[in-house]
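Chemist: Following this message is one structure expressed as structure tokens.
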Amino acid sequence: MLRALISALGWRGGIQGCAFSSQQPHLTPTGLLSATELISHWTAVFEKRGIPEARESSEYIVAHVLGAKTFQSLRPGLLTQPLTRWQLRYIQELSSYRLQRMPVQYILGEWDFHGLSLKMVPPVFIPRPETEELVEWVLEEVTQRPHAVGAHGGPLILEVGCGSGAISLSLLSKLPESQVIAVDKGEAAICLTHENAQRLQLQDRIRIIPLDVTLEQNWAHLLPWGPVDLVISNPPYVFHRDMEQLAPEILSYEDPTALDGGEEGMDIITHILALAPRLLKDSGYGWDISWV
């Protein structure tokens, strides 16, 4: 996953008619352009500026303005239909943010994760594809170990560092009898998890607690909610010395505390490993993706 973080995430001027100019990229085209033409244009602009995933970025932005999740899901007729001037201006505005290396997830304000549509706002950590793998591993383990259930007939899960709530809410949606305790020290993360839980109508099965697990005196706040069946986390584990190598999308917009694992990448992980035995049932177990 570190490799993925380091590598990514991870307007020709004097416009005449449908022509573009690279000298004045901020001008809105005066001609009526189709979605396909705009994709080609913005892909070229992004590539020239060194923006990663240039075509994917332009496709997501155009699709979003046209009311679709992906460019591939657009109705065929919309691909060649001229866009309105408002749509052209909106695409230009969103594309200008991408030129500033803002992640597409923040630009769109939402992102699909494991079948759920989650709100995304900076600086809350953006869930990666590897995070979806963690959810799959946990679901598989719960299926193979049906004895690991809580008082409500499903597992009681503790997530340390909930971020947007992606992991907790995905597990709640797939495990109808489960309950989750989600903790994070970041106010923005706590607020976003609350909002996403409300959006997905899962708020009755999740308790969201602002808490810094690196402070041992805070652990007492979790003891009344235990014992738990699972402890899961996608903790910060990037070596501090490697932080400067991360892509601008990460360094400029995402919360560095969600990535910086300290000198050896283990600062948060060691606290989680110390906390887990105090909260886990004898049959419980823990998951993280620290070394993916």
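Chemist: For a quick check: with amide H placed at 1.01 Å from N, whose amide H comes under 5 Å from residue 162's, ignoring anything fewer than 5 positions away on the same chain?
Modeler: 183, 184
Chemist: Hey, another quick one. Fewest first, what order do 58, 95, 34 take by the number of other Cβ atoms within 10 Å?
Modeler: By the 10 Å Cβ count, ascending: 34, 95, 58.
Chemist: Starting with the highest mean, order 84-91, 99-106 by the number of other Cβ atoms within 10 Å, averaged over the residues of each peptide. Could you put the intermediate results ahead of the total?
Modeler: Numbers: 84-91: 15.4, 99-106: 19.6.
Result, highest mean Cβ count within 10 Å first: 99-106, 84-91.
Chemist: Ranked highest first by the average count of other Cβ atoms within 10 Å around their residues, in what order do 266-273, 227-234 fall?
Modeler: On the way: 266-273: 18.1, 227-234: 23.2.
The packing order, highest mean first, is 227-234, 266-273.
Chemist: Of 191, 162, how do they rank once you tally other Cβ atoms within 10 Å and put the fewest first?
Modeler: Least crowded to most crowded, the residues run 191, 162.
Laboratory data are not the source of any read-out in this text; all were calculated from the coordinates shown. In this text the structure is predicted, and so the values were computed from the model without any measurement. Methodologically, a virtual Cβ is constructed for each residue, glycine included, from the backbone with ideal geometry; neighbour enumeration extends over all protein chains shown.
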